[in-house]
Amino acid sequence: MPKAHVRKGDTVLVLTGKDKGKKGVVEAVDPTGGKVTVEGVNVVKRHNKPKPPMQPSGSITEKNNPIHISNVMLVDPKTKKPTRTRAKAEVEPKAKKAPAKAKK
């Protein structure tokens, strides 16, 4: 399963597209699809049909569409600047042992 460089709740900066330069909080991450949903970014309007018993008149709702995960950069919480991330190996791999020589 592919890993994402951002998680839900992180603050990110949008790098490309119509919302370039906007900052927002990550609402959802889909690492397999490579998509991330950011609050206030890529907002689209959905026109709903009227449904007489519950909703006599139609409505227009706004929702956040996902954008590609490569188009966002994590914002460092301390410095408030965009930053690159990298994976850190916490456990060192086991040392390889040389094979024991056969005794004659």
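Computed from the coordinates by the stated procedures, all read-outs in this text should not be read as laboratory data. Only a predicted model underlies this, so the values are computations on that prediction, with no experimental measurement involved. Using ideal geometry, Cβ is built from the backbone for each residue, glycine included, and neighbour counts are taken over all protein chains shown.
Counting other Cβ atoms within 10 Å, which GluC sites (Glu not before Pro) in the range 5-74 have at most 16 and lie in a DSSP loop? Before the final figure, lay out each step's value.
Working: sites: E27, E39, E62; in loops: E39.
When the GluC sites (Glu not before Pro) of the range 5-74 are filtered for loop state and at most 16 Cβ neighbours within 10 Å, E39 remain.
Report the trypsin sites (Lys or Arg not before Pro) located in the range 1-66 that are in a DSSP loop and have at most 14 other Cβ atoms inside 10 Å of their Cβ, or state none. Don't skip to the end; give the middle numbers.
Details: sites: K3, R7, K8, K18, K20, K22, K23, K35, K45, R46, K63; in loops: K3, R7, K8, K18, K20, K22.
Passing sites in the range 1-66 are K3, R7, K8, K18, K20.
Averaged over all directions, how much area does the convex hull of the C-alpha atoms of the range 11-74 cover when projected, in nm²? Walk me through the intermediate numbers first.
Details: hull surface 20.9 nm².
Orientation-averaged projected area of the Cα hull: 5.2 nm².
What FRET efficiency would be calculated for the residue pair S70, E39, taking the C-beta separation as r and a Förster radius of 22 Å, to the nearest 0.05? Walk me through the numbers on the way to the answer.
Details: r = 19 Å, r/R0 = 0.86.
After rounding to 0.05, the efficiency reads 0.70.
Pairs K20/K49; K18/K51; K8/K78: which exceed 28 Å Cα-Cα? It would help to have the intermediate numbers written out before the result.
Details: K20/K49 32 Å; K18/K51 33 Å; K8/K78 18 Å.
K20/K49; K18/K51, as the Cα separations exceed 28 Å there.
Calculate the spin-label point distance for A28 paired with S59, positioning each point 7 Å from the Cα along the beta-carbon direction, and give it in nanometres.
Calculated label separation equals 1.8 nm.
Could you work out the relative contact order of the range 11-74? I mean the mean sequence separation of Cα pairs under 8 Å and 6+ apart, divided by the number of residues, in percent.
Values: 118 pairs, mean separation 22.2, N = 64.
This gives 35 percent for the range 11-74.
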